[in-house]
Amino acid sequence: MHATSILDHTFHLHGHKFQIVEYGPAFNAPDEYIAKNPVRRFKDAPLKRDTLKVNGFQYIKIRFKADNPGVWLFHCHMDVHFYMGLAVMFIEAPLELQKTITMPEEINQLCRDLNVKTSGNGAGNAGFNMTGLPVL
């Protein structure tokens, strides 16, 4: 994650604990910030957590073990940033999820009524074909 401005961001990952493995100055950080904030790497035993703060003009690399099938939100805790889209959903082990979760028929009917596809990828297509995906 990169904080490319002076603003700090607090991020939270649902469903997992992650490790911070590296952080340092963002690619566009001012020279005086770079001089005072060298890159730090944690190779041996990084702490596990589910929330972190990315300082302004900083990047952070995290890792987590994807061993909890589900749909997990990773988002900024600042409500206005979340509203502006500073969030991502991790869909972990989708084939396993499809074996255990069935969509209620009411949801499928709502999708049909709204002309929303109910199979395929995020655009309702096969593989990596994102044709027809709405432009945000």
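Kindly establish whether Ala29 is assigned to a loop (DSSP other than H, G, I, E, B) and surrounded by 13 or more Cβ atoms within 10 Å (Cβ to Cβ).
Details: assigned to a loop (DSSP other than H, G, I, E, B): yes; surrounded by 13 or more Cβ atoms within 10 Å (Cβ to Cβ): yes.
Yes.
Determine, yes or no, whether Ala35 is of a type in the set (A, V, I, L, M, F, W, C), exposed (fewer than 15 other Cβ atoms within 10 Å of the Cβ) and in a loop (DSSP other than H, G, I, E, B).
On the way: of a type in the set (A, V, I, L, M, F, W, C): yes; exposed (fewer than 15 other Cβ atoms within 10 Å of the Cβ): yes; in a loop (DSSP other than H, G, I, E, B): no.
So Ala35 fails the test.
Look at Ala87 and say whether it is within 20 Å of Lys17 (Cα to Cα), modelled with pLDDT of 90 or more and more than 14 Å from the chain's Cα centre (by Cα). First the steps, then the outcome.
Values: within 20 Å of Lys17 (Cα to Cα): yes; modelled with pLDDT of 90 or more: yes; more than 14 Å from the chain's Cα centre (by Cα): no.
No; evaluated as a whole, the condition is false for this residue.
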- prompt: Any idea which of His16, His12 is open to solvent by less than 60 Å² (accessible area, probe 1.4 Å), out of contact with any Pro (no Cβ under 7 Å at 6 or more places or on another chain) and either among the basic types (Lys, Arg) or assigned to a loop (DSSP other than H, G, I, E, B) (or both)?
  reply: His16
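Just give me the residues in the range 58-92 being of a type in the set (Gly, Ala, Ser) and out of contact with any strand residue (DSSP E or B) (no Cβ under 8 Å at 6 or more places or on another chain), in sequence order. First the steps, then the outcome.
Narrowing the range 58-92 to residues of a type in the set (Gly, Ala, Ser): 66, 70, 85, 87.
Residue satisfying the conditions is Gly85 alone.
The values are calculated or read from the model by the stated rules, or taken from the named source; none is laboratory data. Note that the coordinates shown come from a computational prediction; the quantities given were computed from them, not determined experimentally. Cβ coordinates were reconstructed from backbone atoms using ideal geometry, including for glycine residues, and neighbour counts include every protein chain displayed. We work out accessible area using only protein heavy atoms, side chains counted, and drop any ligands, DNA or RNA first. Shrake-Rupley method; radii C 1.70, N 1.55, O 1.52, S 1.80 Å.
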